[in-house]
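Read through the structure below, which is laid out as C-alpha cells, and then see the notes.
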Amino acid sequence: MNYSIFPLSALLLAGTVANFNTAKAAAKEKNKVNILFLFADDQRADALGCSGNTYIQTPNIDQIAKNGVRFTNSYVMGGHHGAICAPSRAMLMSGKSLFHVYDKLNGIHTMPMHFADNGYETFGTGKWHNEAEAFEASFQKGDNVFIGGMADHYNVPCRTLGPDRKLSEPVKNGYSTDLFVDATINYLTDYASGTREKPFFCYVAFTAPHDPRSPREDYIGMYPDGSIPLPGNFKALHPFAFDNMNVRDETLVPWPRTPEMIQKSLSDYYALISHLDSRIGDIIETLKTKGLFENTIIVYAADNGLAIGSHGLVGKQDLYEHSMKVPLIITGPNLPKNEVRDALVYLYDLFPTLTDLCELPQPENVDGKDLAPVIRGKKNEVRSSIYTVYRNTVRAVRTPEWKLIRYPQRNYTQLFNLKTDPLEINNLAELPENKAKISELAAMMNEWQTLTDDTATMNPKTVLPLEYDYTKLKQRPDDKQPEYILERYFKGVDLSNVKRTQH
C-alpha cells in the first residue's frame, strides 16, 4: 500500500498554525489595556484643582487630568430616593438609565462581568451600595468591600471575597480611604508578580468625601476654618419647599445655614478629598513601579455632587448643577493628553465607552453612549441635551446654554441661562420674553420622559404650597457620626439617643 506524505505534512502544518494562532491570541490578550476605575463618593465637580478651584489641593488627580481628557459636563441622571449613590452606582455598572435599572443589580449583566467575559481579571474594593450578591457575581476577587451606603470612616465594616466568590462576615479595621487603597495596592502588587496573562479591571469605590466629614487626624485643620470661601450661590435657606426639606442629608447642619457652619463643612470636606488625592498618588506610583502604568486606562469619577451650602442646601437631593454634575477624567495609552471636553454625558456612558477603548464587543441592551469618539476628538457630542430627575418631585432638562427645572407637585418652574449664570442664581422663568424658550425646553422634557420610561406625573391633581417653616426642621445626627462630628456640628442638639463613637 502506498502512503502519501501529504496528509502528514498537512497535519503538521495545521498543528503549527494552531500553535501560532494560540500564541498570537495569548499575546493579544496580554497586550490588552488594563482598567483602573477610581470612584469618589459625593464629590462636587468643582472640588478639584484641575476644575479651576484654587483653594483645594489635589495634585495627583490634577496630574491624571493633565495626562488625559477631562469632561466638564458629566452628570448622574438622579435618583428615585434620597440615597442617590445607590441608583447612580447601579446605572454606572449596568450602562442603563434610571428607570431601566433603579438601584437593583441582581440578574443584571454588569460592566465587570462584561470585562470578565472578555478575558479580564476583575477586582473590586470599597463601597458597593447595591446587593451583595451582585458584587459576588460581578467580581472574581475582592478585599475590603463595604456593603452599604455610608459608615463612620474610622469604623467601616469590610468584607473579603473568598475563592468561592462569597463575601465574608464584616470586620472593622482602619480608616476608609486607607483600607480601600491598601487593598488596591496589594492587589496590583500580587497581579504584577504573577503571569499577567489576563488584563485587569480594578474598581476602587471610595466612601470619601461622603459624610461624616471627619478627616483622618493628620488632615484635620489642613484647611483652617474660614479659609474656604462660601459657594457663590450660598443661601441661608432654600427659598421654597420642593420635597422633604428635612431629608437625612439636610439635617447635618442647622437652619438657617450660617457662613461659619458651611465653611467648617467645606474645610473638612476638602481635607477628605486631599487625603483621597494623596492615597490615589500611592496607587499611581504602584502602577509605575510595577510596570503597569503605561498600559492602563485610568478613570476618575464620582457618583454624584453635593450642595454643601449652595442654594441653602447641604445634600444632593436636588437637580441643581452642584448636585448632579460630577467629575469625570479618563487617561490611558493612545488617548489625548491635557484636553477638555464640554459634551453632555452621563456616568452610565462609561460602560460602552470603556468597552470601545479596550476593543471589546459592545454590551447589549444599554442606554449609555460610547464617548470614545468624543475623547479622541472625532465628535463634539453624543447628545444635545441632558435629563435629570429626583423622585417624582423634580425634573430638569439642560442644553449647552439653557436649563429648565420643573417642580410638578408645586406647579413651579425655574429657567437658567447657564452661559451667563452658571451658578443658577437668576430665575428667568417669569420674564415674558422667555415663554418660547420654556415651551421649547418643556417639549424636550416630555420627549425625555417618553424615551426614559419616566414614571412621574407632571400634572398632579393637588398642588402643594411652596412655603415652609424652617423652624420646624430638626437637626439630628445618625449613629454613623463620630465624636469629632458631634462636638463640631451638633452643639446644643439633644444627643441622648445617639450612639457616640470614638476613634
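The values are calculated or read from the model by the stated rules, or taken from the named source; none is laboratory data. Fair warning: this is a prediction, and the values are worked out from it, not measured in the lab. Cβ sites come from the backbone with ideal geometry, for glycine too, and all protein chains shown count toward neighbours. Note: areas computed on protein heavy atoms with side chains; ligands, DNA, RNA excluded. Shrake-Rupley method; radii C 1.70, N 1.55, O 1.52, S 1.80 Å.
Checking Asp303 against (1) farther than 29 Å from Arg70 by Cβ; (2) of a type outside the set (Lys, Arg); (3) in contact with a Cys (Cβ under 6 Å, 6 or more places away or on another chain): exactly one of these is not met. Which one?
(1)
Would you call Ile35 part of a helix (DSSP H, G or I), modelled with pLDDT of 95 or more and either open to solvent by 60 Å² or more (accessible area, probe 1.4 Å) or under 29 Å from Ile147 (Cβ atoms) (or both)?
Answer is no for this residue.
Identify, please: which residue in segment 404-434 is assigned to a strand (DSSP E or B) and without any contact (Cβ under 8 Å) to a residue 60 or more places away in the chain and is, among those, most open to solvent (accessible area, probe 1.4 Å)? Walk me through it before giving the result.
Our first condition is that a residue be assigned to a strand (DSSP E or B); within segment 404-434, this holds for 404-407, 412-417.
Okay, now just the ones that are also without any contact (Cβ under 8 Å) to a residue 60 or more places away in the chain, so 404, 406, 413-417.
Details: Leu404: 6, Arg406: 50, Thr413: 28, Gln414: 12, Leu415: 0, Phe416: 3, Asn417: 16 Å².
Across segment 404-434, the extreme among qualifying residues is Arg406.
State which residue is farthest from Leu404 (Cα to Cα) when the search covers only segment 435-461 and only residues that are at pLDDT 95 or above and part of a loop (DSSP other than H, G, I, E, B). Let's see the steps before the verdict.
Step one: filter segment 435-461 for residues at pLDDT 95 or above, giving 435-454.
Next, only the ones that are part of a loop (DSSP other than H, G, I, E, B) stay: 453-454.
Working: Asp453: 19, Asp454: 17 Å.
The residue in question is Asp453.
Restricting to segment 279-319, give me the number of residues that are surrounded by fewer than 24 Cβ atoms within 10 Å (Cβ to Cβ) and hydroxyl-bearing (Ser, Thr, Tyr).
3
Kindly indicate whether Asp494 is over 28 Å from the mean Cα position of the chain (by Cα), of a type in the set (Asp, Glu) and more than 23 Å from Tyr320 (Cβ to Cβ).
Answer is yes for this residue.
Does Pro231 count as in a loop (DSSP other than H, G, I, E, B) and open to solvent by less than 30 Å² (accessible area, probe 1.4 Å)?
yes
Among the residues in segment 212-220, are any surrounded by 15 or more Cβ atoms within 10 Å (Cβ to Cβ), part of a helix (DSSP H, G or I) and among the small types (Gly, Ala, Ser)?
Taking every residue of segment 212-220 in turn, none turns out to be surrounded by 15 or more Cβ atoms within 10 Å (Cβ to Cβ), part of a helix (DSSP H, G or I) and among the small types (Gly, Ala, Ser).
Mind listing whichever residues of segment 202-258 are under 30 Å from Arg406 (Cβ atoms) and of a type in the set (Ser, Thr, Tyr)?
The answer is Thr251, and nothing else.
Please state which one of Asp453, Asp479, Asp469 is open to solvent by 40 Å² or more (accessible area, probe 1.4 Å) and in contact with a His (Cβ under 8 Å, 6 or more places away or on another chain). Break it down into steps so the answer makes sense when it comes.
Details: Asp479 fails: in contact with a His (Cβ under 8 Å, 6 or more places away or on another chain); Asp469 fails: in contact with a His (Cβ under 8 Å, 6 or more places away or on another chain).
Answer to the selection: Asp453.
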